[in-house]
Amino acid sequence: MTWRTFRRAFSTLVLGLVVGVPAALTAQATGSVTGRVVRGGEGSPLSGIQVTVAGTAITATTGIDGRYTLARVPAGRQMIQFRQLGFRPLDSEVNVTAGAAVTLDVGLVAAAIQLGDIMVEGASRAPERIVEAPAAVSVISRQEARDIASTGQIPLVLNNTPGVDVVPSGMNDFNVNARGFNSSLNRRILVLQDGRDLSIAFLGSQEWSAMTLPADQFGRIEMVRGPGSALYGANAFSGVLNFTTPAAREVVGTTITLAGGALATLRGDLHHAGVLNQGRIGYRINGGYNQSDSWSRTRTNVDGTSLQGEYAGTTDSAVGVEFEVIPLRGQTVDAATGALTGEPDPIRNMYGSARLDYYLTNGAIMTVDGGAARVQNDVFVTGIGRVQVPEALRPWARVAWAHPRYNLTAWYSGRKSVEPQVSLRAGLPLDERSSIMHIEGQFNQGFMDEQLRLVMGASARNSRVNTNGTLMNLANDDRSDNLMAAYGQLDFRPTDQLRLVVAGRVDDGSLFATQFSPKGAIVFSPSNDHSFRFTVNRAFQTPNYSEFYLQAPAGAPTGGPAQLEAGLEQYFAGVQGAIDGGLLPGAIITGLDISPVAWNFSAQTPILALGNANLDVEKVTGLEFGYKGTLSGRAFLTFDVYLSRLSDFVTDLLPGVNPAFPTYALTDGDRDIPATLQALDQRFADAGLPANHPLRVNIPTLLAGYAQLASQAGPALVTMPDGTRAIAVSYTNAGRVTERGVEVGLSYGLTEELSLSGTYALFDFEVDASQTAAGDQLLPNTPKHRMTGALSYQGVSGFDMTVSARIVTGFRWAAGVFQGYVPASQTVNASMGYAVSSNFRLHVTGTNILDQQRFHLYGGSVIGRRVLGGITASF
């Protein structure tokens, strides 16, 4: 598919979704249902309650005042369902009159736990009970999302999810991973918002500060762990994180949140949603601004001790040197003294989005939405050192047609460096402009009275990347690449207790060879509240554009090779001159070649990091056994065991691994330079020249220079395609690892208001040393043990509180230039809220409230305590 063809198909689908309403649809008499949901027996309003018209897609969510509105409800008798974790489900029948509004106020009774009734979609790309899902899947509660919303750090919602690493390296730089082999630019977890891939096209990793909705405005957040390429394709290597936004009619009303506190944080969010045209059209707009200081510190000490000073008191392990030539934006460095002047500029994020829904009478919803985020001064840890983003824009747009049986979607996601990013280590500007355009269709249908269900779909994607030669070779820059995929899943239930699932997907693109990703699962449910699962999955992760086509300085150019070459030429010329002048006998050089050296080094030899266009994808095949169940009606337990085989890792930057840049041996034809020098020295000694003779004194110096160049450059000294010499490192595929682990999650209702939850994860691995590239440190960058615990209270009179702890054991880290030991950490977070009235809620959130000073990846910033307070108003 050419770019022109892809663009035409994309435009056609967008136009069809925007203006195409099926002629077969007929008008239907409708009314509305409004009301208020309160806590039974006490009367305080309940927010976040999901209200649904049974058998339809018409749903709403109560605001902090407990009010809801269901628009365009078909006339006649309807069953209204009220659902929320921690409360007993309630169904209430009403008689809806055409053109009129019916009021339905209800009170919900608290229940210890009802987690088994949660519905999920991420595991099968179709609705199903979480107990029966053929994957290890977790759902983030609305309370967890609400508690961290004011921080602006969306990954924190996963802090208490079994088996998930949430690794901060700065204020907004997080690496979210599951089941090992994390990195500084992790892309093993595919992150989606309403089916839209949120990654950066160039790197494939996430830019969390560029999300255009705060955490509390998502309707559902699901985390599916384990290989997921059978349904989701590339980079669903270790799991899929799904964010789903609610339809506009589900969140009618206006909400304003203001928050601030530590690190000079100032945050504001505005949300407004409503319905028009008698509920046929819904709209939603939101905007926000966030500003705060950062945990990041400047590292420009010329002696390389900046990192040692930054990490002082945080670890007992040795800390290496780290030198950056550029300070953080807003600061200057005195070249003579190295003293810093000024304070780093604050991180700023501005974002907004809008959504327009058209509700059809057949249950379908046509949606057009879009938004943009502007990020300023974020600092990211990468394989070649830290990078600061002075200003970048992240626009996006989406159109979708969602129906209970099928959906079509088309989306665009872009990124533009308004100001070039800055490599703090190399001091060079890094430009990056990229975009992704994607179209996809999916169909699901039940057969044999839902005993058999088929899910199938296909997609096409175009990615465009241009770095203007700052990050990629100009011959490979300004690229346009295509990806096509088709997938399907067949779900068969031979009995009410047994479910058999088979799925597969084919991906084919211009960047990698055709990939087939199969999946098989057996789910046995002896009762409605218990299930046992066995699955086999295969997934793949494609190299990113940097790994394929990178060409960037890895250090300042060096004049050492050219100086050594000049020194050798001068020396051999001096020996020849002494012979020609009769100062030495000609027999001195009999059988020795002292002709000029032909290395042809430039005055400055560049030191480069280079991509490898021939990289293969990384692969994983996993076996899993899992259990999910509700125990005694008060506890929900998940237990998962996995065994995976990973292969063809993309290594760190290494010397001598890329055949496109052949190693240049420090010889001259058949001449061995050190042997020639040593032979000359011996012949001079035999001829009676003293050790301090000029022709002998220089030989040890030249040999030392040769040995130093050989040891420092070695296989990294290469010949570039244009014939010039460079010191270069690149990537290759190598490594085979077996990993295994256990993941446990438990939620327990102590009382109707008080609940306790906890998780534990064990990770272990074995590296096949025979498959590992020389010089590569193949480490999982993952702790062996992770534990979390949380105590939550949802009390009467609008008071709520949560205290959680996350315990991580220490582990070794190796990713790019940063290699060291990450110490153990014990992080305690807490949040409290109080509904002052039906319209106002006060809240406070504290992260790392014990102020334990720790860095969580080697090379990242030290993270301290942060306490924020705020108020939310709902109308």
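The values are calculated or read from the model by the stated rules, or taken from the named source; none is laboratory data. What you are looking at is a predicted structure, and each value in this text was computed from that prediction instead of being measured. Cβ placement follows ideal geometry from the backbone for every residue including glycine, while neighbour counts extend to all protein chains displayed. In case anyone asks, the SASA skips ligands and DNA or RNA and just uses the protein heavy atoms, side chains included. Shrake-Rupley method; radii C 1.70, N 1.55, O 1.52, S 1.80 Å.
So the values come out like this:
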quantity	calculated
Qualifying strands (runs of 3 or more DSSP E) (wholly inside the stretch 37-147; at least 1 residues being modelled with pLDDT of 85 or more and surrounded by 19 or more Cβ atoms within 10 Å (Cβ to Cβ))	50-53, 59-61, 67-74, 76-83, 90-96, 106-108, 136-140
Filtered residue count, the stretch 579-593, keeping only those that are surrounded by fewer than 16 Cβ atoms within 10 Å (Cβ to Cβ), more than 16 Å from Asp672 (Cβ to Cβ) and touching a residue at least 40 places away in the same chain (Cβ under 8 Å)	1
Within the stretch 324-355, tally of residues that are in a strand (DSSP E or B) and either closer than 25 Å to Asn290 by Cβ or under 28 Å from the mean Cα position of the chain (by Cα) (or both)	9
Long-range neighbours under 9 Å by Cβ, at least six apart or interchain, first residue within 16 Å of Leu592 (Cα to Cα) within the stretch 681-704, second of a type in the set (S, T, N, Q) and outside any loop (DSSP other than H, G, I, E, B)	Ile699/Gln678
Long-range neighbours under 6 Å by Cβ, at least six apart or interchain, first residue touching a residue at least 60 places away in the same chain (Cβ under 8 Å) within the stretch 411-440, second open to solvent by 30 Å² or more (accessible area, probe 1.4 Å) and outside any strand (DSSP E or B)	Val422/Ile326; Leu424/Ile326; Gly427/Val325; Gly427/Ile326; Leu430/Pro420; Leu430/Thr470; Ile439/Leu13
Qualifying residue in the stretch 303-323 (condition: of a type in the set (A, V, I, L, M, F, W, C) and assigned to a strand (DSSP E or B))	no
Count - residues of the stretch 251-288 that are surrounded by fewer than 21 Cβ atoms within 10 Å (Cβ to Cβ), at pLDDT below 95, in contact with a Lys or Arg (Cβ under 7 Å, 6 or more places away or on another chain) and part of a strand (DSSP E or B)	1
Leu689 vs. criteria closer than 30 Å to Pro585 by Cβ, in contact with a Lys or Arg (Cβ under 9 Å, 6 or more places away or on another chain) and crowded, with 20+ Cβ neighbours inside 10 Å	no
Residue match in the stretch 704-713 (condition: open to solvent by 40 Å² or more (accessible area, probe 1.4 Å), of a type outside the set (D, E, K, R) and within 26 Å of Ser546 (Cβ to Cβ))	yes
Answer from Phe649, Phe684 - the residue that is touching a His at 6+ places or on another chain (Cβ under 9 Å) and open to solvent by less than 20 Å² (accessible area, probe 1.4 Å)	Phe684
Among (1) at pLDDT 95 or above; (2) under 30 Å from Thr630 (Cβ atoms) - the single one His530 does not satisfy	(1)
Residue satisfying all of: in the stretch 855-875; assigned to a strand (DSSP E or B) and open to solvent by 50 Å² or more (accessible area, probe 1.4 Å); nearest to Ser831 (Cα to Cα) among these	Val867
Residues being charged (D, E, K, R), closer than 30 Å to Phe601 by Cβ and either in contact (Cβ under 8 Å) with a residue 40 or more places away in the chain or assigned to a strand (DSSP E or B) (or both) - total across the stretch 718-758	1
Residue ID - modelled with the lowest pLDDT, chosen from residues in the stretch 831-850 that are of a type in the set (A, V, I, L, M, F, W, C), surrounded by fewer than 20 Cβ atoms within 10 Å (Cβ to Cβ) and part of a strand (DSSP E or B)	Phe840
Counted residues, the stretch 521-531 - those being within 16 Å of Asp640 (Cα to Cα), out of contact with any Gly (no Cβ under 9 Å at 6 or more places or on another chain) and open to solvent by 20 Å² or more (accessible area, probe 1.4 Å)	2
Flag if Ser205 is in contact with a strand residue (DSSP E or B) (Cβ under 9 Å, 6 or more places away or on another chain) and either open to solvent by 10 Å² or more (accessible area, probe 1.4 Å) or of a type in the set (Lys, Arg) (or both)	no
